[in-house]
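The values are calculated or read from the model by the stated rules, or taken from the named source; none is laboratory data. Everything numeric in this text was worked out from a predicted model, so none of it was measured. Because the Cβ atoms are built from the backbone with ideal geometry, glycine has one as well, and the counts that use them run over all protein chains shown. Ligands, DNA and RNA are stripped out before the accessible areas are found, and what is left, the full protein with its side chains, is counted by its heavy atoms. Shrake-Rupley method; radii C 1.70, N 1.55, O 1.52, S 1.80 Å.
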Amino acid sequence: MIKYSPFWETLRNSKETTYTLITKHHISSATIDKLRKNKPVNTTTLNDLCRILNCQIQDICQYIPSEEDQLL
């Protein structure tokens, strides 16, 4: 399962807020909600967040094995 807990720490340590992500950078409130709920987001969004926050992908998300993962 992909978790976005690193995103929230990275955001806290940046000059950005959820408000500026929405108003200045045009990240939708629905996307912010998906991040809060660890729901899937697309790679373009992850790229945008890394660019905006000047960070690496591991500063946004991490993979944690879970029983909820889809069977392959």
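Going through segment 10-47, which trypsin sites (Lys or Arg not before Pro) have at most 14 other Cβ atoms within 10 Å and a DSSP loop state?
Values: sites: ARG12, LYS15, LYS24, LYS34, ARG36, LYS37; in loops: LYS15, LYS24, LYS37.
Passing both the DSSP loop test and the Cβ count: LYS15, LYS24, LYS37.
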Exercise. With axes computed from alpha carbons, what is the tilt in degrees of helix 43-53 against the longest principal axis of the chain, rounded to the nearest 10 within 0 to 90?
Worked result: 40 degrees
Problem set entry | Net charge, PRO40 excluded, C-beta distance under 14 Å - Lys, Arg +1, Asp, Glu -1 | +2
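Just the number, please: carbon plus sulfur as a percent of the accessible area of the chain, 1.4 Å probe, no ligands or DNA/RNA counted. Don't jump to the answer; show the numbers that get you there.
Working: 2680 of 5180 Å².
With neighbouring chains kept in place, the figure for the chain is 52 percent.
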Exercise. Anyone know which of THR17, THR43, THR31 comes out most mobile in the 10 Å Cα GNM of the chain?
Worked result: THR43
Exercise. For the pair GLU67 and SER28, how long in nm is the line joining their label points, each one 7 Å along Cα→Cβ?
Worked result: 3.3 nm
For this session: Mind checking the per residue accessible area of the chain for me, 1.4 Å probe, whole number of Å²?
Result: 72 Å²
